[in-house]
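Below: one structure, written as structure tokens.
Here, each number is a calculation from the coordinates, and none is a lab measurement. Only a predicted model underlies this, so the values are computations on that prediction, with no experimental measurement involved. Virtual Cβ from ideal backbone geometry, glycine too; neighbours counted across all protein chains shown.
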Amino acid sequence: MKVSLAGIALAVIAFAALAGTGAYFVLRNLDTRSATETEALREFDAVRARFGARQPLVEVTNPQSGDIRINRLVHPEGRRANTLHVVTWNAEDGEVFRTEVPVWLMRFSSLNIISTLGIAPEKFSLTVQDVQRYGPGIVADYRRPGQSHVLIWVE
């Protein structure tokens, strides 16, 4: 009984440490500022221009039905991704939110875990290895004009 309780306590402590590590990286690199949609679009376009016409890793084909397509592509030069960047803009509060985290931290995300275990449906299955093989590029680019924009990319 003591061994079981010790194991549970250790699992809770490990989970808290991972959650704290994730929060540390996100908050340490968090940048928010006020911006109009035009200013935000300029920032998004600058990122898109760096990666050219390469398909995003995840394409949202129909947001109402949750229909997405994952393009499991390998970087043409074999480069691997190390850092995940996120930029969002929301019309409601008129703010641009920007942060970044190391890709290795994604190993502990629920999507990666259920994808690795084979629990996630194939169309939603996305692992850290998929992101790393994809290499530098846009992971997802989703827009609702006049409402919100989300751009996720890796370098």
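Rounded to whole numbers, the Karplus 3J(HN,Hα) couplings from phi for the range 50-57 are 5, 10, x, 8, 4, 4, x, 5 Hz, using 6.51 cos²θ - 1.76 cosθ + 1.60 with θ = phi - 60°, and x at Gly and Pro.
Set the Förster radius R0 to 35 Å, insert the Cβ-Cβ distance between Arg42 and Glu122 as r into 1/(1 + (r/R0)^6), and round the FRET efficiency to 0.05.
Values: r = 37 Å, r/R0 = 1.05.
The pair Arg42/Glu122 has a calculated efficiency of 0.40.
Taking label points 7 Å from Cα along the Cα-to-Cβ direction, Phe97 and Ala49 give a separation of 2.7 nm.
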